[in-house]
Amino acid sequence: MQISIAGISNKSSGFTLVELLIVLFMVSIFTIFVIPRFSHIGEGNLNHSARRLSWTIKQLFNEAALSSMEHRIIYDLDRGSYRATILEPDGRVLPVERFPEEIKLKQGIRFMDVTIAGRGTFSNGEVVARILPSGWLEETIVHFVGDNDKILTLQINPLTGHSETYDGYREFGFAQTVPGY
């Protein structure tokens, strides 16, 4: 009489060829869908840089209206950074407390150019965009470029401070005069 012991089997251990083929098939399907996602990693940095700038501008727009003081965003196109300042009533220009240091773009992202209505397009140096306490800012278009030469356009609405992003290089028609000049 044979005695059966729980947990012990007479089958040999290992995988069958069919089981291995099923696993390989599932891994290949997974790879087909996941690997293309990694090619967009630089685009994530590009979108993140645009969103962060957009958020900063909206915050400065709101602070300018609440404080009744002119705020400025200064783009340093050569260093790939920007900073926020406030124009004090006595004429001093100081950093904004919420943004005391320059903000650098993500690694591999740079400014291609900045266009300000009535002043033109700049591709190097520092460019200052004013945000007036009356609820208006200089209409600005910012073009970013990533490592993979993908371009992103950020259009900033002068009446609301909101921004729209567009894939590729886009230009928009500007009025030739700028209020306050």
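For every residue, the table says whether it meets (1) hydrophobic (A, V, I, L, M, F, W, C); (2) in contact with a strand residue (DSSP E or B) (Cβ under 6 Å, 6 or more places away or on another chain); (3) modelled with pLDDT of 90 or more; (4) part of a strand (DSSP E or B).
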site	(1), (2), (3), (4)
ILE35	yes, no, no, no
ALA64	yes, yes, yes, no
ARG72	no, yes, yes, yes
ASP78	no, no, yes, no
GLY91	no, no, yes, no
THR121	no, yes, yes, yes
Matching residues in the range 163-178 - criterion: being surrounded by 13 or more Cβ atoms within 10 Å (Cβ to Cβ) and either over 26 Å from ASN62 (Cα atoms) or modelled with pLDDT under 85 (or both): TYR169, ARG170, PHE174, VAL178
Residue that is farthest from LEU132 (Cα to Cα), among those in the range 66-105 that are of a type in the set (Ser, Thr, Tyr) and surrounded by 12 or more Cβ atoms within 10 Å (Cβ to Cβ): SER81
SER39, sole failed condition from (1) modelled with pLDDT under 75; (2) surrounded by 10 or more Cβ atoms within 10 Å (Cβ to Cβ): (2)
Enumeration of residues in the range 88-114 that are out of contact with any Gly (no Cβ under 9 Å at 6 or more places or on another chain) and among the aliphatic types (A, V, I, L, M): VAL93, LEU94, VAL96, ILE103, MET112, VAL114
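Tell me whether the range 106-113 contains one or more residues that are among the aliphatic types (A, V, I, L, M), touching a residue at least 60 places away in the same chain (Cβ under 8 Å), part of a loop (DSSP other than H, G, I, E, B) and surrounded by 18 or more Cβ atoms within 10 Å (Cβ to Cβ).
Yes, there is a match, as at least one residue in the range 106-113 is among the aliphatic types (A, V, I, L, M), touching a residue at least 60 places away in the same chain (Cβ under 8 Å), part of a loop (DSSP other than H, G, I, E, B) and surrounded by 18 or more Cβ atoms within 10 Å (Cβ to Cβ).
The values are calculated or read from the model by the stated rules, or taken from the named source; none is laboratory data. The shown structure was predicted, so the numbers you read here are calculated from the model rather than taken from an experiment. Neighbour counts run over all protein chains shown; Cβ positions are idealised from the backbone, glycine included.
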